[in-house]
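Comments concern the structure below.
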Amino acid sequence: MPRQIRSPSRQLATVRGLGSRESEDAAWSEGCGPKSRAGVESSGVVIRQCLIGAAVIAAVLAASALVHHEHAAAPPPRAQQGRLHPVMLRAAPLQPARAVAIRAPSPPARSAQSSPAAPPPHGPARAAPAFNFDSVVQLARARAATPYRNRSPRVPDSLARLNYQQYAEIQFHRSDALWRNQSLFEVQFFHRGFNFDRRVNISEVVNGEVRPVRYNPAWFDFGRLGAIARRLKPDVGFAGFRVHYPLQTPAYKDELIVFLGASYFRMLGRNQVYGLSARGLAVDTASTRGEEFPWFTDFWLVRPAQAQQRSLTIYALLDSQSIAGAYEFDLLPGNITQVTVTSELFPRRDIAKLGIAPLTSMFLYGEDPSGRRFNDYRPEVHDSDGLMMQTGSGEWLWRPLVNPTELRVNRFMDDHPRGFGLVQRDRDFNDYQDTEEQFQRRPSYWVQPLGDWGKGGVELVEIPNDEEIHDNVDAYWVPAQPVRAGRPIKLSYVLSAYLDSPLWPPGGRAIATRTGDFPVNGVQFHTGAQRVMIDYAGGDLDGLDRTQPVQAAVSASGGRVDLVSVTRIAATGAWRVTFRVMPYKPKEAVDLRCYLTLYGEALTETWTYQLPT
């Protein structure tokens, strides 16, 4: 059935995007068991923090109610209420466009194509500096110097009262898209209404000159809501926008990237469909204080200089109670779509936990039978099935995702990280058997820091979830250096959306994880022991004869491991590791690590896992 809104299942809510398939127009966690403790899980230390369940859940539910109001998904067009069509970007830093002056724009026209600025009334005007990223930095610095306030005018009650189905009636006319028939890129806008009550200011930058994109109700088809449309004021404004590009075929411009709700955005590469989301910033996620959601309040879209230019630059101004920031997004579509994100942040006050390059996804269940508690015909249901990291030392880590029964937060400590991401590895339709959702086509997002991010950790948040409409997984970088008021922060990274890549990771990888108390060779384990089974494939593994003495390097913190075996599965070519785990203390989680070697050489990434008991 058509997916509607992915609502928050805790304080970290997310937009669960709907939209179209583009044939028409689109749209916490440490094992909080009784007693968790620190353990070593990689070249960095995994810090586990157990939160008091009642207090945290209360905070989560309270925040959920608030956040859900502002982070619902964009509705699909009436003609086809399905998934938004995917798009991708291959990112490399791009040069911001240069231009000439900032002037007032002309009055709005029937389409979103902006008109040239009127000439000065009294002789030649002094040219103003061209608008670029530095201009946004100045605006963000000025914002941070004053107390925060919500600058969005109140949405009309007639729009605020709309339910999901009614809001879905409002569709943007493709023929009124910005840059229609002028560029490879076209921009369509989202109307305010329903949960999308905040207005975002959107401008076009042409040769360095800023031209606001004025709201025009004639750009929208209101369907059966015509009576409401006739009563709207001319300053209602937009809730967000989406960029289209001929990703699949030159005959049609597919949806490429969407900015809608708080600082959420999603992008696609070729042959992908929407799944996980990214955000500009996360503040105090998974904390008893409650999460704060910064918003992109203003956007500037730089008009491509040439009609065939295949890169696009977008500037954005972010604001919240604790911080303001300037952002530049440089987009490059392709099989692997990338966006280079440049940011300069200005904290208004000290922040306990700042999440950099946050990613948000959904994991209901995977191939592990111990994690399945749903009466569902589908073998697996998830947008991402693991957290992948490359540490500063070069080690590749893989942490399979779980849908826990209690809130969990894990932080993987590192120094000079090389990358992290939420990844969808299962790419076969048979893994899901879902003809509508197409989970096998959901993209993976990989974050590659530019410059030295120093010490900190990748924090993984996993939240109990009982419906696939809820996002329940988050990952982001938390710097070790405290965030202090008045102390600017500069960070840049490349975000890639991809299906498969031989580089991430470059060697063998864990492709399946199964756990349980099932017997080994007909022998049942004693009470409290569990069996773990990991399948590896890829890299040099695929070319090895089954007689090669491949070994598994297995270690545990909080328990003992024995009965380790490694075999090659003839039917699939994968190498399977099995072992028994016995916890030192009942009801305490055991941290596990495993990788394969041959004659002392590591052949695979390091599988890391927290085994609940």
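Where a number appears in this text, it was derived from the coordinates with a stated rule and is not lab data. Note that the structure is predicted; figures quoted are calculated from it, not measured. For neighbour counting, all protein chains shown are included, and Cβ atoms are generated from backbone atoms with ideal geometry for every residue, glycine included.
Quick notes on this one:
- Proxy reagent accessibility, fewest Cβ within 10 Å first, across 310, 487: 487, 310
- Considering all different alpha carbon pairs of the range 509-611, the Kirkwood hydrodynamic radius works out to 14.1 Å.
- The range 310-376 versus the range 561-580: alpha-carbon centroid distance in Å: 36
- Computed FRET value (nearest 0.05) for residue 148 with residue 585, which takes r as the C-beta separation and R₀ as 45 Å: 0.45
- Label point 7 Å beyond Cα of residue 503 along Cβ direction - residues of the range 441-456 with amide nitrogen under 20 Å: 443-453
- Residue 597 paired with residue 467, simple spin-label distance in nm, labels 7 Å along Cα-to-beta-carbon: 4.9
- Stokes-Einstein D for the range 249-308, Kirkwood Rh over Cα pairs, 25 °C, 0.890 mPa s (µm²/s): 170
- Potential lengthening between residue 289 and residue 201 on full extension [0.36 nm per residue; Cα-Cα distance subtracted]: 28.7 nm
- Radius 10 Å from Cβ of residue 483, net charge of other residues (Lys, Arg +1; Asp, Glu -1): +3
- Length gained on full extension, residue 429 to residue 309, computed as 0.36 nm times the residue gap minus the Cα-Cα distance: 39.7 nm.
- In plain terms, the chain from residue 393 to residue 527 could stretch by 44.3 nm, reckoned as 0.36 nm per residue minus the Cα-Cα distance.
- Packing-based order for 297-307, 379-389, using average beta carbon neighbours within 10 Å, highest first: 379-389, 297-307
- Value of Rg to Rh for the range 289-423 (Rh from inverse mean 1/r over Cα pairs, i.e. Kirkwood): 1.03
- When you count the other C-beta atoms within 10 angstrom of each residue and take the mean per peptide, 415-424, 359-368 line up highest first as 359-368, 415-424.
- Cut-off 18 Å, label 7 Å out along Cα→Cβ of residue 548, residues of the range 569-613 by amide N: 569-578, 595-607
- Inter-probe distance in nm under a simple model that places probes 7 Å from Cα toward Cβ, at residue 141 and residue 485: 2.0
- Here residue 565 and residue 248 are evaluated by their C-beta separation; at R0 = 56 Å the FRET efficiency comes out at 0.75.
- Based on C-alpha pairs under 8 angstrom that are at least 6 apart in sequence, the range 309-438 has a relative contact order of 18 percent.
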